[in-house]
1. Kindly rank 177-187, 594-604, 301-311 from highest to lowest mean number of other beta carbons found within 10 Å of each residue.
2. So if I take the centroid of the Cα atoms in the stretch 265-297 and the same for the stretch 419-483, what is the distance between those two points in Å?
3. Around ASP351, what is the net charge, scoring Lys/Arg as +1 and Asp/Glu as -1 over all other residues with Cβ under 10 Å from its Cβ?
4. Can you give me the distance in nm between label points at GLU543 and GLN51, each placed 7 Å from the Cα along the Cα-to-Cβ direction?
5. Is the shape of the stretch 60-152 rounded, prolate or oblate, going by the alpha carbon gyration tensor and its root eigenvalues a ≥ b ≥ c, with a/c under 1.5 for rounded and a/b larger than b/c for prolate?
6. Order by neighbour count: ARG92, ARG626, ARG158, fewest other Cβ atoms within 10 Å first, most last.
7. Going by average Cβ neighbours within 10 Å, how do the peptides 547-555, 118-126 rank, with the highest at the top?
8. Working from Cα positions, state the angle (0 to 90°, nearest 10) between the long axis of helix 118-132 and the longest principal axis of the chain.
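Every number here is computed from the coordinates shown, using simple stated rules; none is lab data. The structure displayed is predicted, hence computed values, not measured ones. Every residue, glycine as well, gets a Cβ built from its backbone with ideal geometry; the counts of neighbours run over all protein chains shown.
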Amino acid sequence: MKYTIIGTAGHIDHGKSALVKALTGTDPDRLVEEQERGMTIDIGFAFLNEQIALIDVPGHERFIKNMVAGVSTIDLVLFIVAADDSIMPQTREHLDILSVLQVQHGIVVITKKDLVDADLLQIVTEDIQNLVKGTVLEKAPVVAVSSLTGEGIADLRRLIEQTVLEIEPRRDRGIFWMPVDRSFTIKGFGTVVTGSVLSGQVAVGDTVELLPSQKKLKVRGLQTHGKSTNRVQLGERAALNLAAIGRDEIQRGDVLVTGDYFIPSMIMDIHIKLLASVKKTLRNKSRVRVHIGTREILARIKLLSAENLEPGQSGYAQLLLETPAVAMRHDPFVIRQYSPARTIGGGMILDANSRPQRRFNTETLQRLAGLQQQDPVDLIFSLLLTRPDGGLHHDQLTRLSGLTEENLKQLLDAPLQQNRIIRIGNKNPFYCHKLIYDRLDAAVMQLVQEFHEKEPLRPGINKAEIKSRLNLYNAQLLERILLDLINAGRLAEKNSLIKIPSHQITLTEKDEKLAAQIRRELQANAFNPPSVGELAAAIRLSEMETGRILGALFGLGDIVWLDNEIFILQTALQQAQQILVDYLKQNREITVSRYRDLLNNSRKYALAMLLYFDKTGITSRVEDVRILENPDAD
């Protein structure tokens, strides 16, 4: 079953609320102040039937913020012009807002038909046709009615029902998304919020996330079209009764979503267009009012592709928000001048979780051009090509692309088979574009080569250093790159260090003399090896130089590092291993204290050696003793 949300738009006193009442029997002006003043202040709601909801919006210029909140979620607009007034300032501004929000379907309704004659009605009709030429309402049908006498109301209702059948349903992104437009308390029930469900569904008992506050809330009850239900879905007007939260903790502009999919952001990448009717230039870093969904936020516009924007011009930019917000890719937004507040343009969200970008940067602008495209495969490539961490996990790609889980998997099949995208891991896999992968592959090779040139006496570089130097924060991605390079014979791994296979440590005559001194000192203290500081003092060398030679001896296989502080000659370690094995073949188990006594060293060194033998598979620890891992081995 398809559900449709219709909204009104038009100047104040042009009969929007009266028309809604004539169509539905419900007065959408629910506030006492609205009843007393005869003027719509906030958005109101009514239902044409069980599948069609109506949102009525205020027409006064002071309440444009509420008007935008109302029409931001609609599928079809009733664009209203009074026959006795014709086109007025908010008629034009509301049309601009509808165009910016990309409302594709509408019906132009001339109200108060009973107040004018046929000639004046024809003039008003022609004025409207001239106004909407070249806009989203250019092909909209025009209907004249009188809410007072009822003339034309039945015809309008039939036209609405027929038009609704022709509207393509919104694309379901597979996750629940509902911008909040009202929050109130019902005695005995608690906090209730209302909104239009723009994606997914939610059921009683489900947990939803409130953004941008990131609170997890349980749904206690649901209503749609004034009736209780167990589930609400895409296209419905819904009221959610939420547990453990006060009405003051939720406000218009918040969004209820499926949990853990979206992250509030302070920076969004956008494509922006100024209205041709705007009188002023939009300068870089201008402060503006931004309307995203049902929320109004103050922000500055950082222009990325132009020095300034002139009326009618468009370009790429960033929203530098003053408070956190959430959005989905390709969500429309409205920009209003900060003061005096008037609509100056709008556009499309391209990346709702961005970071500061440099102006006039070619790579950035290419990325944004890709994000602007509707082709989902191009979008996926664009998202993957510009990630500073090399790629995206599956859940991140789902969130940023706005694609459903099923669609994303289907779209990834061909690029994965063609090796244009690299998949790493199985549970929530990580995806990397092949161009980025090849770039990182080359960067790793260059880094290892440069490391050998700078540190010829060190056997190799550890993975943590590679990760840090390349700012590569995804461990899975680095492991995959290193594995592929090792399997291809371009790199080798020894003792957890990465090296070029052909790299050999060659000591100079001077370094060989220093190495011989170090070997003698270590041999003299075979099972009680000195620290770097003690060794440096013994051979009268700096600790840095001593460490350099020790690194060379490690690379040559002469010494073994037991941990960060303890190293030992390879020959001494072999002797200690033989003593241990001989003892265990006779006695089956050994304690740290007993091994210390056998080696005549301290517990510190005995324990370090036993941990090394555990790690290398010589022994196994059973409670407080060690036993041979393979007692039958020679």
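1. Numbers: 177-187: 19.0, 594-604: 15.4, 301-311: 17.4.
Listed from highest to lowest mean packing, they are 177-187, 301-311, 594-604.
2. About 40 Å separates the Cα centre of the stretch 265-297 from the one of the stretch 419-483.
3. Details: positive: ARG329, ARG355, ARG367; negative: ASP269.
So the surrounding residues net to +2.
4. Rounded to a tenth, the inter-label distance reads 7.9 nm.
5. prolate
6. On the way: ARG92 15, ARG626 24, ARG158 10.
With the fewest neighbours first, ARG92, ARG626, ARG158 line up as ARG158, ARG92, ARG626.
7. Numbers: 547-555: 20.6, 118-126: 13.7.
By packing density, highest mean first, the sequence is 547-555, 118-126.
8. With rounding to tens, the tilt is 20 degrees.
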